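The values are calculated or read from the model by the stated rules, or taken from the named source; none is laboratory data. A quick note: this is a predicted structure, and the numbers were derived from the prediction, not measured. Counting neighbours? That spans all protein chains shown, and the Cβs are built from the backbone with ideal geometry, glycine included.
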Amino acid sequence: MADEYGSVERPALDTLATLGWEVIDQQRETWDDPRETQTSAVLEPRIRAAVDKLNPWLSENNLNRVVREIQQVAGTSTMHENELIHEKLVKHTSVEQNRGYGKKHQTVEYINHDRPETNDFLAINQFPVEGKHETILPDIVLFVNGLPLGVIECKDPTIQDPRSKALEQLTRYQNEREQTATEGAEELFRYNQFSVATWLDGAVMGTYGTPKREYKPWRDPYPVDDEYLADQFGFDEYLPAQYRMLYALFEPSRLLDQLRNYTVHENKKQGRIKMVARYQQYRAVEKALARIEKRHQREVPGGVVWHTQGSGKSLTMLFLALKLRREMDDPTLVLVTDRHALDTQLHNTFERCGFPNPHQAGDIDDLREKLANHAGETITTLIQKFQLHEEESGDFPVLSEDNDIYVMVDEAHRTQYKHLANNMRTALPNAFYVGFTGTPIEKEMRDTRKTFGNYIDSYTIDKSLEDNTTVEILYQGRLADIHLDGTDLDRVFDGHTDEEKAEIKKRYAQQRDLAEAQSRIDRIALDIIDHYENEVAHPFKGMVVTTSKRAAITYKETLDELNGPESRVVISQGHNDPEDVKRWAPSGSELTDYKEEFVNPEGDVELLIVCDMLLTGFDAPVAQVMYLDKPLREHSLLQAIARVNRPFAEKNYGLVIDYYGVSEDLQEALAMFSEDEVANAMVPLEDKEPELEAAHSKAVSFFDDIHDEEACLQTLEPEDTRIEFTNQFKRFSTLMDTVLPDPMANPYKEDLEQLSTIYGRAKERFRDDEMNLEGCGQQVRELIHKHIRTSGIDVLNDEPVSVMDEAEFDTKLDTLESDEARASEMQHAVTHEINVRFDEDPVHYGSLRERVEELIEEYKQGRLDEIEIIEELNGVMDEIRSRKQRAHEHGFEGTTELSFYHSIADVLDTDDREVDDEHLLELTGSIVGSVEDLAEIVEWKERVGVQKEMRQQVRIELYKTDLDLTDDQRDELTSRIIQLARAHYQ
């Protein structure tokens, strides 16, 4: 039996104690819950004491008001309330009070961020919170000054898929699983800063509202390391991930730092969301701050943050800005990009996240005026505004010699070595410069110390894949006979005369004419339609990247003529463009609509046809495929293909379909970067064949003959074998989803179908809910479902035949070919039925469970053969099926009264005395009657007053009975009866 408490929960509590938390372990000690009702998640005496301690001058009335205020925050949703509470915890609140110099508004702290030791840190396990339809019991809740800022869900590492189970529980607690559901207890999460799932060897973190797939590990405890933590927590070498996570998030000073400086709320398409830093973002900001502290020790005061595309680079900039604002004395922050869309995007991100008053520079003069005269502002600007007016000559003017100016340059690789960047440094000679880039610095530029300096932090493609921050990008060349070789004009021009350059440009123009020939686009458009409609499963979408605006328009017209997928052209509006090109350029509102329709999985737009726009900074997780018909290289290539690397549900990879031939020699295209930094940047599809072959071998290795289905099922009888097979089957299925319909999948399709049959039958036989197809990919999942239906197996998402359906279950047994198979089917069906019904009558079904476990053990040891255990299990099934009959024999109308009767008799039998059955029946009837009357009240489970009255009525009936009950028996019976009422009365 899994030992979640001993292997995970208790070690977590011990770790928190080591970190300085007061710990209450309710498995080891009794705790007097101070709450008046479990519908509250706040420990009011603690928040009261903390506020009083941090603000000792507060009057009693104002103390009452402040404590009440944090608990009664009212918003339009739980997320809105979470944001409002966060704002109070960071920016504090105020009261009107006379402190000896007149009645004025005084700031009141709920938390002292600067002196963590003055706050109250408490961790409690098994802390109940009552929601609308259930009472949740998180494994560990962490309180700061009585407010529940952390929730930890623990799972034993030996169970199947502990990560998924823990996250399912967390999302249920938050009522985030389904839009129409009402479950969990959202009250607990109004205050939530971190939600953690841990299974000792692994741990992932998120916050309130984080989708399951976006919970991430914390791999680096910077500024310390694993060796330091291992020593702190008593490990010789290996440090389980749980300990790193608990330190990273819940070491008191780090927790308060992240609450204040690494947490933002932002409007997204799906509504308001909360975002907290991931480890690479926290590490980069802290390293940047450390470098700022030592800026005068370096020749170049600055550095580069390289975090691969899709890893949250803009948020890292935001977090650094927040921290600089808070820790520096009125700094000026300058955020620089080189494209209008990025400038606006960055400005809007800062503004939406509540950053104080970011100003977007207008023209060149406006930027100069802001930098020269507006110290302490946050300014966003284009690098192009650091240029001289046409009438000016000479060097760019110095605008400010202040050294408290911090310049953050987005997409730094594009501008860091050009004259505009030189102008910027001339204008702000003493500023500290941090370059942010999604692509690495070229090898030959590594040693330059004329720009930003060396790396501050790097987060490589491999790391992002390991963390599931991005998905793998696969590359496939198609229609090789019409590939065009890209022309590297920059290199070709070296050493040539103007006449020779003109000739080269002429040849290049002819090449582009060839690329945009109608006959060629016709062929590619047909191939795009075929590929998209047959190989890109809903809801995924695609982008078509073309050589020019004219080519984009031609693709659009051609796709429409061929009844292709719904598409939109996204090209910029150029003043010199011909009228027939201009009319295709979307207006600002049209572009917004196009992007929203594309990003929405249910939106009509399936393909975006682009030239240059949206190849950088456009975040569309639903995009899985890029149809590339444009010569791209180096940084541009890495940036463009990253449009398809964002994770999305059931998205196992992004795909680049190359029609131009830009990556026929991928190694040469990426040779300008260090190999370890661009490993797996784009993987040729054919490179997946060895992985597929290995995954297939592992999946079939469990069985001697995959066509002997019953023998395969017997192999999967042990749960640990089933867990391992599930993992290997899903790995094989995922790779098949990746390569299908490429011919390399053909040798394995028959085995995939046969293994799917075994998988489906095993799920049905063993009633194993963990044997789902989550993560296998839409293509393979549809293929498997189709095959399983034709094989006569219940669809994987349906319930197997219940033993309560006697005729259907007997028919099911008749289809099985051996007594061994029938015994196995009966064993798991009966066990499943008992587990499902256990809460309805724990006494009766608990007894049956023990009996079945004894029978299974005897069968395993050979003391019962197949015929004998089938006979015994038939007896158990008869008992399950005959509950109504036994209820009638006791004079009850239904099985509900029988369940109450069993619990009452079980408690009274504990003192080994004879109890008159007539008294038991009478007591059962009176208790059921009083419970039923109250259970008829609408939403009685959410109404604390009704529940208190129910307990009181039960106690009255127990006192009225002639049976001589002890206080312990009355307490035990009251508790059991309320639990039975919850199970029986909706």
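Going through (1) modelled with pLDDT of 85 or more; (2) touching an Asp or Glu at 6+ places or on another chain (Cβ under 6 Å); (3) within 19 Å of Val285 (Cα to Cα) one by one, Leu335 falls short only on (2).
Condition check ((1) closer than 17 Å to Ala694 by Cβ; (2) among the aliphatic types (A, V, I, L, M)) across all residues:
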{"position": "Val739", "(1), (2)": "yes, yes"}
{"position": "Met744", "(1), (2)": "yes, yes"}
{"position": "Glu750", "(1), (2)": "no, no"}
{"position": "Glu753", "(1), (2)": "no, no"}
{"position": "Tyr759", "(1), (2)": "no, no"}
{"position": "Met771", "(1), (2)": "no, yes"}
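For Leu958, are the conditions met, namely being at pLDDT 85 or above and touching a Gly at 6+ places or on another chain (Cβ under 7 Å)? The answer is no for Leu958.
Of the listed requirements (1) in contact with a helix residue (DSSP H, G or I) (Cβ under 7 Å, 6 or more places away or on another chain); (2) touching a residue at least 24 places away in the same chain (Cβ under 8 Å), Pro601 misses just one: (1).
Kindly indicate whether Gln169 is assigned by TED's automatic domain parsing to the domain that holds Val108, touching a helix residue (DSSP H, G or I) at 6+ places or on another chain (Cβ under 8 Å) and surrounded by fewer than 23 Cβ atoms within 10 Å (Cβ to Cβ). Criteria not met by Gln169.
Per-residue answers, yes or no, for (1) within 20 Å of Pro148 (Cβ to Cβ); (2) not aliphatic (A, V, I, L, M):
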{"position": "Asp231", "(1), (2)": "no, yes"}
{"position": "Gly234", "(1), (2)": "no, yes"}
{"position": "Ala241", "(1), (2)": "no, no"}
{"position": "Arg244", "(1), (2)": "no, yes"}
{"position": "Ala248", "(1), (2)": "yes, no"}
{"position": "Pro252", "(1), (2)": "yes, yes"}
{"position": "Leu255", "(1), (2)": "yes, no"}
{"position": "Leu259", "(1), (2)": "yes, no"}
{"position": "Met275", "(1), (2)": "yes, no"}
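Restricting the first member to the stretch 830-852 and to residues that are on the phi > 0 side of the Ramachandran plot, and the second to residues that are outside any helix (DSSP H, G or I) and surrounded by fewer than 19 Cβ atoms within 10 Å (Cβ to Cβ), no beta-carbon pair is closer than 6 Å while six or more apart or on different chains. Among the residues of the stretch 531-550, count how many are closer than 23 Å to Ala517 by Cβ and either touching a strand residue (DSSP E or B) at 6+ places or on another chain (Cβ under 9 Å) or among the polar types (S, T, N, Q) (or both). Matching residues across the stretch 531-550 total 10. Kindly evaluate Val944 against the criterion of being at pLDDT 85 or above and either in the same structural domain as Glu183 (by TED's automatic domain parsing) or under 46 Å from the mean Cα position of the chain (by Cα) (or both). No. Answer with yes or no whether Gly150 is small (Gly, Ala, Ser), under 23 Å from the mean Cα position of the chain (by Cα) and closer than 24 Å to Gln986 by Cβ. Judged against the criteria, Gly150 is not a match. When the stretch 69-115 is limited to residues that are part of a strand (DSSP E or B) and charged (D, E, K, R), the one that is farthest from Glu176 (Cα to Cα) turns out to be Lys103.
Evaluated against (1) modelled with pLDDT under 90; (2) crowded, with 17+ Cβ neighbours inside 10 Å; (3) among the small types (Gly, Ala, Ser), Ser400 falls short on exactly one condition, (1).
Scanning the stretch 35-70 for residues that are under 18 Å from Asn192 (Cβ atoms) and at pLDDT below 95 gives Arg35, Gln38, Thr39, Ser40. The number of residues in the stretch 39-64 being under 37 Å from the mean Cα position of the chain (by Cα), surrounded by 14 or more Cβ atoms within 10 Å (Cβ to Cβ) and not aliphatic (A, V, I, L, M) comes to 5. Of all residues in the stretch 1-53, those satisfying the criterion of being in contact (Cβ under 8 Å) with a residue 24 or more places away in the chain and of a type in the set (Lys, Arg) are Arg46, Arg48, Lys53.
Can Gly20 be described as at pLDDT 95 or above, outside any helix (DSSP H, G or I), of a type in the set (Gly, Ala, Ser) and assigned by TED's automatic domain parsing to the domain that holds Arg163? So Gly20 passes the test. Annotation note: Cβ proximity below 6 Å between a residue of the stretch 68-91 that is more than 21 Å from Thr107 (Cα to Cα) and not assigned by TED's automatic domain parsing to the domain that holds Ala49 and a residue that is surrounded by 17 or more Cβ atoms within 10 Å (Cβ to Cβ) and modelled with pLDDT of 95 or more (sequence gap 6+ or interchain) occurs for no pair. Those helices (runs of 4 or more DSSP H) of the stretch 532-608 in which 3 or more residues are under 29 Å from Val739 (Cα atoms) occupy 549-561, 588-599. Would you call Gly588 of a type outside the set (A, V, I, L, M) and either at pLDDT 95 or above or in contact with a Ser or Thr (Cβ under 7 Å, 6 or more places away or on another chain) (or both)? For Gly588, the condition - of a type outside the set (A, V, I, L, M) and either at pLDDT 95 or above or in contact with a Ser or Thr (Cβ under 7 Å, 6 or more places away or on another chain) (or both) - is not met. Take Arg955 and decide whether it is of a type in the set (D, E, K, R) and either farther than 21 Å from Glu833 by Cβ or not in a helix (DSSP H, G or I) (or both). The answer is yes for Arg955. Taking the stretch 95-147 as the range and being surrounded by fewer than 16 Cβ atoms within 10 Å (Cβ to Cβ) and among the aliphatic types (A, V, I, L, M) as the test, only Leu137 passes. The listed residues are Val644, Val622, and the only one of them that is assigned by TED's automatic domain parsing to the domain that holds Asp527, surrounded by 24 or more Cβ atoms within 10 Å (Cβ to Cβ), within 17 Å of Gly310 (Cα to Cα) and in contact (Cβ under 8 Å) with a residue 40 or more places away in the chain turns out to be Val644. If you go through the stretch 1-36 and keep only what is under 32 Å from the mean Cα position of the chain (by Cα) and more than 20 Å from Gly150 (Cβ to Cβ), you end up with Met1, Ala2, Asp3, Gly6, Ser7. More than 27 Å from Thr470 (Cα to Cα), among the β-branched types (Val, Ile, Thr) and touching a Gly at 6+ places or on another chain (Cβ under 9 Å), is that true of Thr182? Considered against the rule, which asks whether it is more than 27 Å from Thr470 (Cα to Cα), among the β-branched types (Val, Ile, Thr) and touching a Gly at 6+ places or on another chain (Cβ under 9 Å), Thr182 comes out as yes.
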